[in-house]
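Notes follow the structure.
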Amino acid sequence: MPSSCRECGSSNVVRDDLYSQTQWVCEDCGTVSEEGHLTTTLSEEAMSRSVPYYLSTEASKTPCRNLLAGFSRVRALCRILRLSSNMEAEAVSFFERAYNHPNFLRAALMKKEILGGCCILFVCRQGNWPIAMGTISYLLGTDSPSMGPVYQELTKSLNIKTTTQGITDLLESFCYEFKLRPEQVDEVLSETPQQLVDRTSALIEVAAEAWIVTGRHPLPLLMAAVYVAWQSLNPKARMKYTFSAFCQIGKAPEQAWRRSKDTVMKRLSELREVLCKLGRQLPWLRGNTVEPNTVATLVDDILKNHRVLLLRAVRNYEEQLQNEPLKTESTPSPGTTHDENDTDPPKVTDPDQVENAPDKETSDTELPPNHWGKRHLFLPPCVKNCKRQRVDEPQMEVTGDEDISDSEIESYIRSQAEINMYLRAQNELEEA
């Protein structure tokens, strides 16, 4: 029992029993100086434990079944990716915070499962871990286009800022996933991971200068660059192996090529096309043709002199474009008319300009005749493969006051044969 009130200091404190709970109340100011305890279960009474009244009436909210399943799924993915315990705990707490957000509370189960993968991706990016979105989407059994909008919605809903990872951040860990060490494959096919990383990084640098990396998913481009780098390190023995054979030899991760094989082949053709354009500028070739299937033999020379070759290719292309109109105007063919788009490139004696003729399949057929992109040898993907703008069809406005032609009016009037047929059918129905 308290001796005095803690508010007014009065010693007039009396005991008051309210709902089987003892309280000591000051009669002068009405302050509850001390509150008694009560027990709620027989076990607590047997152990002589006293429970406060506010704890006896408290109801704790248990997490739902789907949230518990999401926790286990997030922990399993973190252990597959070999994340640390701190990162795993951060991903679980971040998933609980996102799961209880109003924007995701009534979402479908598949979207909530993707939400767990997005939380792991956010934690990995905050910790500078080289984990791509394609890797997590493959583990979830979905695709990157489905995971991307969920990740963007997550960042907007929770108002968080994420750090982006470039293709060079994923390069080293991606190359180390291939099983190409001398003790794993034959000596002719083996390659150390560090040599593969160095050659692939040089190819990625050339691809970035030619606008291939811009706006592209990193995994297909990395897969194509690793394949070209592996071939170029020993071209005589490895030129005969196809891309699928290389993936089987190196036991490449399936999420990097199995589902996106068509995209990888496109990036491979683009990378080889750039290497061919640079390889044609090598002075010791003396006008020999450079084909995409055999360009791997020239990769070593191209990478050593790629800056000089790049400047030379661009300069020769610009000079060729300047000489082309003069050549077509000075030598017209008699008796025939040529269209502006069907003119052949001018014949020049410089082998560099001959080999560096504009590629009709990649640029001229996809760009309008007077497009500014034709003045440049290397173009970004958004310019090279520009999307057609959607044109809305004009809607017909019908007001009811339009003029009706005589032929339309005559089509509404029954002919004499139709009248006789109608009368005959009506008589038959009346007789029946």
Next on the checklist: Output wanted: per-residue J couplings in Hz (rounded whole) for segment 292-307, from phi through Karplus 6.51 cos²θ - 1.76 cosθ + 1.60, θ = phi - 60°, x for Gly and Pro.
Outcome noted: x, 6, 10, 6, 4, 6, 9, 4, 4, 5, 5, 5, 6, 10, 5, 5
Next on the checklist: Around ALA208, under 14 Å between beta carbons, what's the net of Lys plus Arg minus Asp minus Glu among the other residues?
Outcome noted: -1
Item to check | By average C-beta atoms within 10 angstrom, highest first, the peptides 144-150, 265-271 | outcome: 265-271, 144-150
Checklist outcome for this item: For the ASN100, GLU187 Cβ pair and Förster radius 51 Å, calculated FRET efficiency rounded to 0.05 is 0.35
Checklist entry - By how many nm would the segment from SER201 to GLU34 grow when fully extended, if each residue of separation counts as 0.36 nm and the alpha-carbon distance is taken off? => result 52.8 nm
Checklist entry - Length gain on complete extension for the stretch THR399 to SER84, per 0.36 nm per residue less the alpha carbon to alpha carbon distance? => result 106.4 nm
Checklist entry - If Lys and Arg each add +1 and Asp and Glu each add -1, what is the summed charge of the other residues whose beta carbon sits under 15 Å from the beta carbon of GLN152? => result +3
Next on the checklist: Could you sort the peptides 155-164, 400-409 by per-residue average Cβ neighbour count (10 Å cutoff), highest mean leading?
Outcome noted: 155-164, 400-409
Checklist entry - With Rg and the Kirkwood Rh both taken from Cα atoms, where does Rg over Rh land for segment 132-268? => result 1.01
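For segment 178-247, count all C-alpha to C-alpha pairs, find those more than 19 Å apart, and express that count as a whole percent of the total. Mind dumping the intermediate values first?
Working: 796 of 2415 pairs.
Result: 33 percent of Cα pairs exceed 19 Å.
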Checklist entry - Taking only the alpha carbons of segment 63-141, what extent do you get along each of the three principal axes, in Å, biggest first? => result 32, 24, 19
Checklist entry - If R0 is 22 Å, what FRET efficiency do you get for THR289 and LYS236 from their C-beta distance, rounded to 0.05? => result 0.70
Next on the checklist: Assuming 0.36 nm per residue, please report the length gained on full extension of the stretch MET110 to LEU429 beyond their Cα-Cα distance.
Outcome noted: 108.5 nm
Item to check | ³J(HN,Hα) computed for each position of segment 110-120 - Karplus, 6.51 cos²θ - 1.76 cosθ + 1.60, integer Hz, glycine/proline x | outcome: 5, 5, 5, 5, 5, 4, x, x, 5, 5, 5
Checklist entry - Do the alpha carbons of any pairs in LYS112/LYS161; LYS304/LYS384; LYS251/LYS304; LYS112/LYS179 sit beyond 26 Å of each other, and which pairs? => result LYS304/LYS384; LYS251/LYS304; LYS112/LYS179
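Taken together, the values in this text are just the output of simple stated rules run on the coordinates, not laboratory data. For clarity, every value in this text was computed on a predicted model and none was experimentally measured. So basically every Cβ, Gly included, is an ideal-geometry build from the backbone, and we count neighbours across all protein chains shown.
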